[in-house]
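The values are calculated or read from the model by the stated rules, or taken from the named source; none is laboratory data. This structure is a prediction, so every number in the text was calculated from the model and none was measured. All Cβ positions, even for glycine, are placed from backbone atoms using ideal geometry, and neighbour counts span all protein chains on display.
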C-alpha cells in the first residue's frame, strides 16, 4: 500500500523535466529581491512580461511564467514514483500476509514503519528548514532506491525472511521521514495560495491512481517474477523521480546563518510555531486522535479480505483498486471545486463520512465481500476530502521558513498516534477478529471530530495566513550573479509499506 497513506481518510516524490521559457530548454531563474527582472541559465535578461506572472506564490515569492510547467514536471515524476512504490509496498505487505497471516505481525510492521517518523520527524523538519529541499528529496529517493536494490538482491540469493522485510520497511520510512517535510514545505514556494488545495489534491489524486493499478502490478510481479523484481521496480521509480528533480528549480525559504540556533532549539521552535497560532494545537490533537483511531483499520485491510471474506491476493488488489478509484473521484471533485474557503467543516464532514463507512464494514457478514468493495470505494471518496484541506490549513497558517519543522512535527504526531492504536488493536484482533476493529475505528473517528466541533479556535484557522511569507525566500539553484540573488506515505491514506 502506498506509503503516504498515514492520516485518516486519505506518498512522495517529484519532477520530470519540461522545457523552459519559450521551449528553448533553458531554465527560468527569478530574482526574489527584484521581481521585475529574470534571467535564464545563459545569463540573458528576459522581459518582465515574459518572466513574471502578476501574482506571487503562497510564500510571497514572485512567480515565473513557467510555474505551471514546473508543477507538471514535479507531478510527472511523482506519478511514476507512486506506482512503483505502491506496487513494491503491496508486494511486501502480501509477503507478510502469505507468510504469517497474523494481525499482530501486520500491526508490528506498521509500528516499525512509523518508528523513524516518531524518532526523527522533528529533527528532519529542522534539517529541511536549514538545507536545500530539492537536494534532500533527491538524497532520500536515492537512499530508498539503494535499499530496495540491496534487499532485492538478498532475497534473490535466498535470504528472504520476515525480519529483513521489516527492516526494509523501516529504511523506506526513514527516506519518507525526510522527503515528506521537504516536499510539503516546497509546494507553497511554487504555487499561489489559491491553488494550495488543488496542488495537494493533485498529490492525493495521483495516490489514488496508483492505488488502482499498483496493487495488481505488485501482485503480478510477486506471483510471476518474485519479490526481488518488485523491489527492483521500486528502485527504478525512485531513480526516475530523482532524475526529474534535477530539471526543476525549487526556491529556497530557509533560515539564515544568523537565525540558526541549533537543531534542538529549532525543533522546539517548530512546536512553538504551532502553539503561537491560535487553534493549531487543538487541530493537531484532533488529527492525532483520528490517526490513532484510523490506523488499526488501515493496517488490517488485507486480513479482512483474506480471513473474514476468504479472498486471495487478487481480491485484495481489487479492494485496493476500488479504493483508488474512489480516491481519484473524490480528488477530481475537490480539484475542480477547490474546497472553498471553509476547510475545517469540510475536514470534519470527511472524517464523519469515512468513519461511518468504516463502521459499516465491520458489521458485514462473510458472504458480503462485494458490499465491502463498494463501501471501500465510498470510504475512499469521502476520505479524499481530508488530506489536502488539512495540509492547506497548515500551509496557510505557518510561515514558509518554519514550515518544514511544523510539517515534521505533524508527521511525528501522526507517527506516534499510529502505533498507539496499532499496539492495542493488533493483539486484540488476534482474539476478537478483524471486523470489531473496523467498528471501533469508525466510531473513534466520528466521536473525535464531533468533539472538535466544541472548539471555536479550530474554526478560526480558516481565516489565518502565514506571517512573514516572503522573508528569506530566494532562488539559489544556480550560482549567484549580478542579476540573480532556492527546497518534500504519505496522509489521509492507508499504508504501512
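Structure above, values below:
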quantity: All positions within region 411-435 that are outside any helix (DSSP H, G or I) and over 28 Å from the mean Cα position of the chain (by Cα); calculated: 433
quantity: Selection from region 273-283 of residues that are surrounded by fewer than 20 Cβ atoms within 10 Å (Cβ to Cβ) and touching a helix residue (DSSP H, G or I) at 6+ places or on another chain (Cβ under 9 Å); calculated: 275, 278, 281, 282
quantity: Test: residue in region 391-407 that is farther than 30 Å from residue 109 by Cα, in the same structural domain as residue 134 (by TED's automatic domain parsing), modelled with pLDDT of 90 or more and assigned to a helix (DSSP H, G or I); calculated: yes
quantity: Check on residue 77, outside any helix (DSSP H, G or I) and either at pLDDT below 85 or within 20 Å of the chain's Cα centre (by Cα) (or both); calculated: no
quantity: Residue satisfying all of: in region 373-395; within 15 Å of residue 297 (Cα to Cα) and buried (at least 24 other Cβ atoms within 10 Å of the Cβ); farthest from the chain's Cα centre (by Cα) among these; calculated: 376
quantity: Checking residue 129 against (1) surrounded by fewer than 24 Cβ atoms within 10 Å (Cβ to Cβ); (2) within 20 Å of residue 408 (Cβ to Cβ); (3) more than 15 Å from the chain's Cα centre (by Cα), the condition it does not meet; calculated: (1)
quantity: Test for residue 220: is it farther than 21 Å from residue 181 by Cα and either at pLDDT 75 or above or within 18 Å of the chain's Cα centre (by Cα) (or both); calculated: yes
quantity: Residue in region 287-343 that is surrounded by the most Cβ atoms within 10 Å (Cβ to Cβ), counting only those that are part of a loop (DSSP other than H, G, I, E, B) and modelled with pLDDT of 85 or more; calculated: 309
quantity: Residue identified as more than 17 Å from residue 347 (Cβ to Cβ), surrounded by fewer than 24 Cβ atoms within 10 Å (Cβ to Cβ) and touching a helix residue (DSSP H, G or I) at 6+ places or on another chain (Cβ under 7 Å) among 435, 400; calculated: 435
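Condition check ((1) within 18 Å of the chain's Cα centre (by Cα); (2) within 30 Å of residue 336 (Cα to Cα); (3) outside the structural domain of residue 88 (by TED's automatic domain parsing)) across all residues:
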position: 111; (1), (2), (3): yes, no, no
position: 137; (1), (2), (3): yes, yes, no
position: 140; (1), (2), (3): yes, no, no
position: 154; (1), (2), (3): no, no, no
position: 162; (1), (2), (3): no, no, no
position: 170; (1), (2), (3): yes, no, no
position: 194; (1), (2), (3): no, yes, no
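To keep it simple, each residue is scored yes or no on (1) assigned to a helix (DSSP H, G or I); (2) under 21 Å from residue 217 (Cα atoms).
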{"residue": "87", "(1), (2)": "yes, yes"}
{"residue": "110", "(1), (2)": "yes, no"}
{"residue": "135", "(1), (2)": "yes, no"}
{"residue": "147", "(1), (2)": "yes, yes"}
{"residue": "158", "(1), (2)": "no, no"}
